[in-house]
Amino acid sequence: MADGGTTSTDLHGAAGAAHAGGYDPMAAKMGMWLFLFTEVLLFGALFIVYGVYLHGFTWQFQQGSARLSIPVGAVNTAILLTSSLTMALAIAALQRARPARARRLLFATVGCAGAFLVIKAFEWAGKFAHGVYPGAAFLLEQSKGEIVFFGLYFTMTGLHALHVLVGVPVILWAGRRIRSGAISPEHSVFLENAGLYWHLVDLIWIYLFPLFYLIS
Amino acid sequence: MDAAAGAAAPNYLRAGKGLASWLTTTDHKRIGILYLIAILVFFLFAVCLGLMIRLELFSPGEQFVGNQGYNRILTLHGITMIFLFIIPSVPAVFGNFFLPIQIGANDVSFPRLNLASWYFYIGGGLFALGSVILGGVDTGWTFYIPYSADTADNVYLPILAAFILGWSSILTGLNFIVTVHRLRVPSMPWFRMPLFVWALYATSWIQILATPVVGITLLLILLERFLGIGIFDPAKEGDPVLYQHLFWIYSHPAVYIMVLPAMGIVSEIVPVFCRKTIFGYKFIAISSLAIAGIGSLVWGHHMFTSGMADLERIVFSLLTFLVAIPSGVKVFNWLATMYKGSIRLATPFLYALAFIFLFSVGGFTGLLQGALSTDIHIHDTSFIVAHFHYTMFGGGGVMFFGALHYWFPKMFGRTYCESVARWAFALFFVGFNCLYFPLFLAGLAGMPRRYADYLPEYLVYHRISSIGSWILVAGIVLMLANLLRALFKGERAGRDPWGGATLEWTVPSPPPTHQFAAPPVVTRGPYEYARERASG
Amino acid sequence: MNAPAQEGHLVPCSVYVWVWAALLCLTAVTVSAKYADLQHLAIFAALLIATVKAGLVVLYFMHVRFEKPIFAVMILVLLATYGIYIGLTFVDYANR
């Protein structure tokens with residue numbers, strides 16, 4: 001296949017370029033995608049668990065879903081989608097050699113992430129206040145399928161929120177590296193990879209939202 | 001021919017001095033050596049545990065570790081051998097060392113990530129050892145739920161160990177895939193890659209696509225224990241069989257992580273020692289990918305007695321037979337390569353022959369278990385134990401040592417004593433069969449696995465098996481002693497002691513840190529000896 | 001060493017804005033579809049819409065449309081493998 005051809009020549013042009021940190025954005029991007037594959041399958045396994053129990057406990061899952069607030073979920077979806085837009089625009093701005101604008105858009109992305117997490121925290125706190133958390137006496141009295149539903153809800157949205165949380169310092173760091181010039185229109189792959197990660201976080205939420213909030 | 005005298009640049013072993021230069025290295029060759037040392041340490045540790053198992057089973061009745069002690073030793077033996085030895089062994093040691101050289105590169109694509117994955121490995125290993133200090137774990141390496149959520153033993157540490165080791169494995173695979181795509185020299189198209197590289201490439205995809213599933217599944221056990229989320233808890237209508245599905249979605253493909261790289265090494269060794277171009281290069285290359293693909297379709301054959309739907313059991317039984325086809329393709333191609341070859345029975349070739357024999361025994365007995373009806377009979381007997389030791393140890397383990405003998409002169413620039421290596425091999429081979437073959441017979445006669453005790457009628461099998469374990473260990477000790485001696489006192493090796501035609505034999509032994517000053521130009525396939533090497 | 005950093009052309013910003021608008025619209029559709037009485041089809045409708053959204057994100061935000069085909073091939077390998085995992089698991093649960 002052709003993809004190995006051109007850049008390998010470039011890399012070997014400078015002696016031991018790979019060892020000296022030779023810049024190959026395609027390699028970095030490919031590595032990032034492969035890492036994202038592992039993330040997809042990490043969540044993918046949980047989606048299989050979800051599917052199996054939805055199949056077995058359809059009615060109980062609908063009951064559990066009715067306890068979740070659709071407006072809250074929808075607002076959070078819109079926030080994450082918007083953060084994905086600002087992320088994509090930040091990369092576009094950098095490529096057009098407008099680093100200040102790129103940094104502003106990155107801060108907007110972080111702002112969206114913060115808003116998402118705050119809303120999520122209030123949502124979880126509300127559930128806890130109503131006695132809906134793993135091992136709670138109230139939840140244990142509900143139908144068995146609902147226990148599993150909320151077990152999955154907390155596991156999956158928790159793992160997702162963790163990924164949002166990890167994304168924040170990564171994006172802030174990218175912003176810092178734009179200011180220091182380490183990320184430039186010619187060397188933008190760090191930012192692009194941060195973007196790929198962020199879009200994946202968004203993508204997972206795109207599935208989480210209907211599966212948990214919209215099946216009642 | 002003397003590498004040290006001929007090359008101006010210092011070799012990779014002498015490129016830096018002191019422990020710190022090793023622990024901070026990003027040279028793929030040094031990282032390979034770091035893995036080699038760590039993996040051998042864990043291997044010998046697990047061998048000791050295996051010896052204890054065999055000693056306990058020397059006679060019926062409780063001997064010296066007792067039932068609970070036996071369960072814990074068994075678990076630790078499994079965890080160490082699988083996660084710390086066989087899965088990383090060939091890719092992390094020989095893959096790291098030789099994959100970049102074989103494709104004409106100076107390093108992997110992400111050298112620092114490569115070092116990080118070694119630290120993940122060490123971290124995971126320390127967690128596994130830590131569980132010993134905390135009293136051990138009695139779940140078996142499979143961590144089957146619901147027991148793993150209930151047992152009083154500390155399962156956190158080994159589960160975290162497996163999780164961390166999973167990431168180490170993923171990062172190595174990720175590195176290899178990108179390296180093969182991006183750093184192959186332009187004059188080496190896909191179908192000029194050595195078959196070892198093909199095998200590692202296929203393996204890396206399994207590592208990427210299967211490992212995350214078991215990672216999250218193991219974390220769910222921890223959540224079950226910590227928070228009682230109920231996902232796998234039968235008391236809350238959770239389904240333990242679902243755990244088994246997710247576990248084997250990874251852990252069956254994992255056996256191909258263990259054996260595919262070994263098959264790649266056999267494909268390297270056989271043509272070199274037969275002085276013939278490999279028969280059916282493309283078929284062997286494609287069959288590696290096919291094994292990786294079909295390997296993800298068969299996990300359910302571990303669960304024939306777990307209460308799956310009947311249709312599912314039939315489907316998985318059928319699919320299991322399919323995976324024998326690409327393995328068969330490889331075996332027949334190796335045999336065809338040997339046919340009318342000018343065979344030299346050197347130690348690496350002996351290991352390759354042992355692989356073909358032992359893996360075939362393991363493979364054929366695997367078909368017995370893939371068949372639904374016979375599996376019901378032999379499930380959870382020592383037949384299974386014998387089978388997977390033949391495939392994993394007889395496959396991945398044997399070729400780890402085969403590769404060590406094949407590439408030792410290249411890695412360390414010294415040759416070992418051939419006659420001692422053959423004696424060690426003979427002990428190894430005899431001990432191996434003596435140790436594991438009786439377990440097939442005991443299993444057919446009904447000896448259950450994972451028991452510290454047995455009825456007197458199984459005595460003869462266990463006696464032979466335990467004696468075999470001593471012979472095997474004697475072979476391993478002799479082999480390692482021979483290699484250790486060669487490290488310091490062996491004769492200097494030339495660039496190409498075996499007459500190989502792949503790129504690693506064109507660089508000095510041991511290679512300098514930057515093995516290729518300019519990208520090598522590849523003008524022929526990896527096993528075309530005939531033309532310019534007639535003189536040897 | 002001077003390989004083109006952005007692999008070719010720049011994507012107009014308006015494309016991203018349009019994709020974002022489409023994603024928001026699809027979110028609205030999937031919420032309103034919940035109130036339509038779709039019975040058993042509801043979950044499949046939701047998954048279908050989510051997959052369309054995911055496709056937009058992957059192709060445009062994640063640039064796969066503009067990258068070399070090897071990325072798309074790798075993604076198909078991932079999806080095929082994941083499809084196998086789902087499929088063979090459900091052969092069990094659909095036939096218990």
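The values are calculated or read from the model by the stated rules, or taken from the named source; none is laboratory data. Small disclaimer: the values here were computed from a predicted structure and weren't measured. Note that we place each Cβ from the backbone using ideal geometry, even for glycine, and neighbour counts take in every protein chain shown. Remember, those area values only see protein heavy atoms, side chains included, never the ligands or the DNA or RNA. Shrake-Rupley method; radii C 1.70, N 1.55, O 1.52, S 1.80 Å.
Here is how the numbers come out for the structure above:
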| item | result |
| --- | --- |
| Alpha-carbon gyration tensor eigenvalues x 5, square-rooted, for chain C, Å | 32, 23, 5 |
| Degrees, to the nearest 10: B:310-322 long Cα axis against longest axis of chain B | 20 |
| Interface burial for B against C (accessible surface, 1.4 Å probe, total of both chains, Å², rounded to 100) | 1500 |
| Projected-area average for the range A:22-213 over all orientations - Cα convex hull basis, square nanometres | 11.1 |
| Pairwise burial A:C, computed as accessible area of each alone minus the pair, summed, 1.4 Å, Å² | 4600 |
| Dipole moment magnitude, nearest 20 debye, the range B:257-335 about Cα centre, only Lys, Arg, Asp, Glu C-beta charged | 380 |
| Average projection area in nm² (convex hull over Cα atoms of chain B, one quarter of hull surface) | 24.0 |
| Chain C: DSSP helices with Cα axial extent of at least 15 Å and average Kyte-Doolittle hydropathy no lower than 1.6 | C:41-56, C:69-93 |
| Cut-off 13 Å between beta-carbons: net charge of the residues surrounding A:PHE116, Lys and Arg +1, Asp and Glu -1 | -1 |
| Probe 1.4 Å, accessible area per residue of the protein assembly as shown, Å² | 36 |
| Chain B: angle of helix B:347-370 to the longest principal axis, Cα-based, in degrees nearest 10 | 30 |
| Shielded by partner chains, the range A:143-166 residues - at least 30 Å² of accessible area, 1.4 Å probe, vs chain alone | A:LYS144, A:ILE147, A:VAL148, A:THR155 |
| Compactness of the range B:172-236, expressed as Rg and Dmax over alpha-carbon positions, Å | 19.2, 61 |
| All-pairs alpha carbon distance profile, the range B:388-536, 10 Å steps from 0, percent | 10, 28, 25, 18, 12, 6, 1 |
| Peptide ranges A:193-199, A:111-117 listed from the most packed, as the mean C-beta count within 10 angstrom indicates | A:193-199, A:111-117 |
| Two-site FRET efficiency, A:ALA115 against B:VAL477, from Cβ-Cβ distance with R₀ of 60 Å, rounded to 0.05 | 0.40 |
| 10 Å Cβ neighbours from other chains, averaged over peptide A:198-211 | 5 |
| Those residues of the range B:178-198 for which accessible area with every protein chain present is at least 50 Å² below the isolated value (1.4 Å probe) | B:HIS181, B:ARG182, B:LEU183, B:PRO186, B:TRP190 |
| Of the DSSP H helices in chain A, those whose Cα atoms cover at least 18 Å axially and whose Kyte score averages -0.5 or more | A:25-56, A:70-95, A:99-129, A:144-180, A:189-213 |
| Pairwise FRET efficiency - B:SER342 versus A:VAL168, Cβ, R0 = 51 Å, nearest 0.05 | 0.20 |
| For A:GLY73, net neighbour charge (Lys/Arg +1, Asp/Glu -1) across residues whose Cβ lies under 15 Å away | +3 |
| At least 10 Å² accessible surface lost relative to isolated chain, residues of the range A:48-70 (1.4 Å probe) | A:ILE48, A:VAL49, A:GLY51, A:VAL52, A:TYR53, A:LEU54, A:HIS55, A:PHE57, A:ILE70 |
| Where Rh is the Kirkwood radius over Cα pairs, Rg/Rh for the range B:69-180 | 1.08 |
| Sparsely packed chymotrypsin sites (Phe, Trp or Tyr not before Pro) within the range B:14-76, loop by DSSP, other Cβ within 10 Å at most 14 | B:PHE64 |
| Label-to-label distance, nm, for residues given as B:ILE325 and C:THR51 (7 Å Cα→Cβ offset) | 2.7 |
| Efficiency of FRET from Cβ geometry, A:ARG176 and B:ALA235, R₀ 45 Å, rounded to 0.05 | 0.35 |
| Interface burial for A against B (accessible surface, 1.4 Å probe, total of both chains, Å², rounded to 100) | 3700 |
| From phi via Karplus (6.51, -1.76, 1.60), per-residue ³J(HN,Hα) for the range B:204-213 in Hz, x at Gly/Pro | 4, 5, 4, 4, 5, 8, 10, 4, x, 5 |
| Inter-probe distance in nm under a simple model that places probes 7 Å from Cα toward Cβ, at A:SER69 and C:CYS25 | 2.9 |
| Rough spin-label spacing in nm, given labels placed 7 Å along Cα→Cβ, for C:LEU41 and B:LEU487 | 7.0 |
| Rounded percent of accessible protein surface that carbon and sulfur make up, the protein assembly as shown, 1.4 Å probe | 70 |
| Within chain B, helix-based [θ] at 222 nm, where runs of 4 or more DSSP H residues each add -39,500 (n - 2.57), nearest 500 | -21000 deg cm²/dmol |
| Where only C-alpha atoms are counted, convex hull volume of the protein assembly as shown per residue in Å³ | 156 |
| Convex hull volume per residue in cubic angstrom - Cα atoms of the range B:199-336 | 103 |
| Folded to 0 to 90 degrees: helix B:156-183 orientation relative to chain B principal axis, Cα | 30 |
| The range B:305-400, dipole about Cα centre (Lys/Arg Cβ +1, Asp/Glu Cβ -1), debye to the nearest 20 | 560 |
